[in-house]
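Comments concern the structure below.
The values are calculated or read from the model by the stated rules, or taken from the named source; none is laboratory data. These figures come from a predicted structure and were not determined experimentally. We place every Cβ from the backbone using ideal geometry, glycine too, and count neighbours over all the protein chains shown.
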Amino acid sequence: MQYHTHLAFGAAAGAVVLHYIPQISVEHHLLYSFGILVGSLLPDIDHPNSKISNAIPVLGKAVSKTVGHRTFFHSLIFIVMLFFLYRTNISNDFVTGLILGVTSHIIGDMFTVRGVYLFYPIKKSVRSPLTFRTGGFIEQVLFLVFIGVFYSMVGV
């Protein structure tokens, strides 16, 4: 999936979750939302031309040369490791958003033709029975659907 679809999917997923949580403070909402935005892009740190790799070029280049695209950062191991951030001084609201964003990113990429190495280091691609081409018509329709879900959940 392209970065804007990952952001829209993450925002929609985050809005659905927030819809079912009682009132929370603006500070908590902002940290959660920022976590979702970062998490929605973070798995693509392993791709040399991704938005997040270009935003942090030194880290992006190092990571993309070390691991392949859609391997470690698109795996269950990575998601499990993120749960250890709850034991740090990092805001739980941010960590929750981060995990939700990363999870939505991985699920989104599972619907692409290439799939992901979900059980990395086992290099077997996992994908949905229904797939679409990255950047194709179906992805563009999904982008609009995710934006619609987001706006319907936040009531804007």
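In table form, for the structure just shown:
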item: Filtered residues of the range 138-156 (kept if farther than 17 Å from MET110 by Cα and among the aromatic types (Phe, Trp, Tyr)); result: PHE150, TYR151
item: Residue satisfying all of: in the range 12-30; modelled with pLDDT under 95 and touching a helix residue (DSSP H, G or I) at 6+ places or on another chain (Cβ under 6 Å); farthest from PHE78 (Cα to Cα) among these; result: HIS19
item: Among residues of the range 108-155, those that are in contact (Cβ under 8 Å) with a residue 60 or more places away in the chain, under 16 Å from the mean Cα position of the chain (by Cα) and in a helix (DSSP H, G or I), counted; result: 8
item: From the options GLY60, GLY10, GLY35, residue that is farther than 18 Å from ILE106 by Cβ, buried (at least 16 other Cβ atoms within 10 Å of the Cβ) and among the small types (Gly, Ala, Ser); result: GLY60
item: Criterion: under 22 Å from SER50 (Cβ atoms) and not small (Gly, Ala, Ser) - qualifying residue of TYR86, TYR151, TYR117; result: TYR117
item: Residue that is farthest from ALA13 (Cα to Cα), among those in the range 116-132 that are touching a helix residue (DSSP H, G or I) at 6+ places or on another chain (Cβ under 7 Å) and either β-branched (Val, Ile, Thr) or surrounded by fewer than 18 Cβ atoms within 10 Å (Cβ to Cβ) (or both); result: PHE119
item: Lone unmet requirement of (1) within 23 Å of GLY115 (Cα to Cα); (2) β-branched (Val, Ile, Thr); (3) over 9 Å from the mean Cα position of the chain (by Cα) for ILE24; result: (1)
